[in-house]
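First up is the structure itself, then whatever we jot down about it.
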Amino acid sequence: MEPKIKQSIPIGENIRRIRLEKGMGQTELVRQIQLLGVPLTRESLVKIERGIQHISAVQLRAIRDVLQTTYDALLAEKS
């Protein structure tokens, strides 16, 4: 089983903010992640963005790639 990343930092909030800055909807993000062969549903993305579901390392990498961002941006603490 793949390890999950606990959201003690606001990963979900960062994903949502970056996704919106790029003008991308949740459905489009999920579709592009699925095209990379990474299993993710829109419902799971909603939960990840709300911080109520842990994210796997593979999912985080796919989100980073699709949003063309960095791990630093995704894992940044609130300022």
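Computed from the coordinates by the stated procedures, all read-outs in this text should not be read as laboratory data. Quick caveat, the model's predicted, so the values are computed rather than measured. Cβ: placed from backbone, ideal geometry, glycine included. Neighbour counts: every protein chain shown.
Here are the numbers for the structure shown:
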{"read-out": "MRE, 222 nm, helices only [DSSP H, n ≥ 4, -39500 (n - 2.57), over the chain, to nearest 500]", "value": "-16000 deg cm²/dmol"}
{"read-out": "Label assignment, Cα extents along the principal axes in Å derived from the structure, set (i) 35, 24, 20; (ii) 41, 29, 23; (iii) 33, 33, 20", "value": "(iii)"}
{"read-out": "Point-charge dipole on Cβ atoms (K/R +1, D/E -1) for the chain, about Cα centre, debye to 20", "value": "140 debye"}
{"read-out": "Selected from GLU49, GLU13, GLU28 as most flexible by GNM, with the chain as the system and alpha-carbon contacts under 10 Å", "value": "GLU28"}
{"read-out": "Efficiency of FRET from Cβ geometry, ALA57 and LEU35, R₀ 30 Å, rounded to 0.05", "value": "0.95"}
{"read-out": "Gaussian network model of the chain, springs between alpha carbon atoms under 10 Å - residue of GLN32, GLN53, GLN68 with greatest fluctuation", "value": "GLN68"}
